[in-house]
Amino acid sequence: MIEFYPQIKAVHIAMALCSGLIFALRGAGVLAGMRWPHWLVVRWFSYSIDTALLTAALMLLTILPGAMFANGWLTVKLVLLVIYIVLGVFALRRGRTRAVKAGFYAAALLVFAMVYAIARMHDPLGFLHFFG
C-alpha cells in the first residue's frame, strides 16, 4: 500500500481542509442565526467529508512506521483533534447562548489552526515553535 502513499496523503490533506472550511462556514452560519447549518443534507455532507478524512488517516497510519510517534507530533495532533471535535459540538449544538457558542467556535478554529500547523511542521509545538 506504500505505493499509494502520495495519493492517500493528498486525499487526507484535501479532506482536512474541506472539513475545516465546512466547520468554519457552519459555525459562522449558526452564529448569524441561519437555519441552513442544521439542515440534514449539510450535516450529512460534513459527515461524509469527515468519514473520508478518517479513512485516509487510518490508511496513512497503517502505512507509516511506528517511529512516526517518536517525536510526539502525531500524538499531540490526535489529542488536539479530540479537543477540536468537542469544541465544535459545543459551538454548533450544545452552547446555550450565542456568546458561549462564539467562544467555542473561536477556540475550535484556533485548535484547528494548531492541528494544521503541527501536521505541516511535524513538530508538537506547531506554530508555537517560533515563540520558543
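The values are calculated or read from the model by the stated rules, or taken from the named source; none is laboratory data. Note that the coordinates shown come from a computational prediction; the quantities given were computed from them, not determined experimentally. Here Cβ is always computed from backbone atoms with ideal geometry, including for glycine, and neighbour counts include all displayed protein chains. Please note that ligands, DNA and RNA were not included when accessible areas were found on the heavy atoms of the full protein model with its side chains. Shrake-Rupley method; radii C 1.70, N 1.55, O 1.52, S 1.80 Å.
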For this session: Sort through Leu128, Leu74 and tell me the only one that's exposed (fewer than 14 other Cβ atoms within 10 Å of the Cβ) and free of Cβ contacts under 8 Å to residues at least 24 places away in the same chain.
Result: Leu128
Exercise. Tell me, which residue of segment 39-71 that is part of a helix (DSSP H, G or I) and among the aromatic types (Phe, Trp, Tyr) is least open to solvent (accessible area, probe 1.4 Å)?
Worked result: Phe69
Problem set entry | Scope segment 1-38; condition surrounded by 11 or more Cβ atoms within 10 Å (Cβ to Cβ), under 26 Å from Ala106 (Cα atoms) and of a type outside the set (A, V, I, L, M); matching residues | His12, Cys18, Ser19, Gly20, Phe23, Arg26, Gly27, Gly29, Trp36, Pro37, His38
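Mind listing whichever residues of segment 90-102 are loosely packed, with under 15 Cβ neighbours inside 10 Å and touching a Gly at 6+ places or on another chain (Cβ under 9 Å)? It would help to see each step written out before you state the result.
Here is the first cut: in segment 90-102, the ones loosely packed, with under 15 Cβ neighbours inside 10 Å are 93-94, 96-100.
Result: Arg98, single match.
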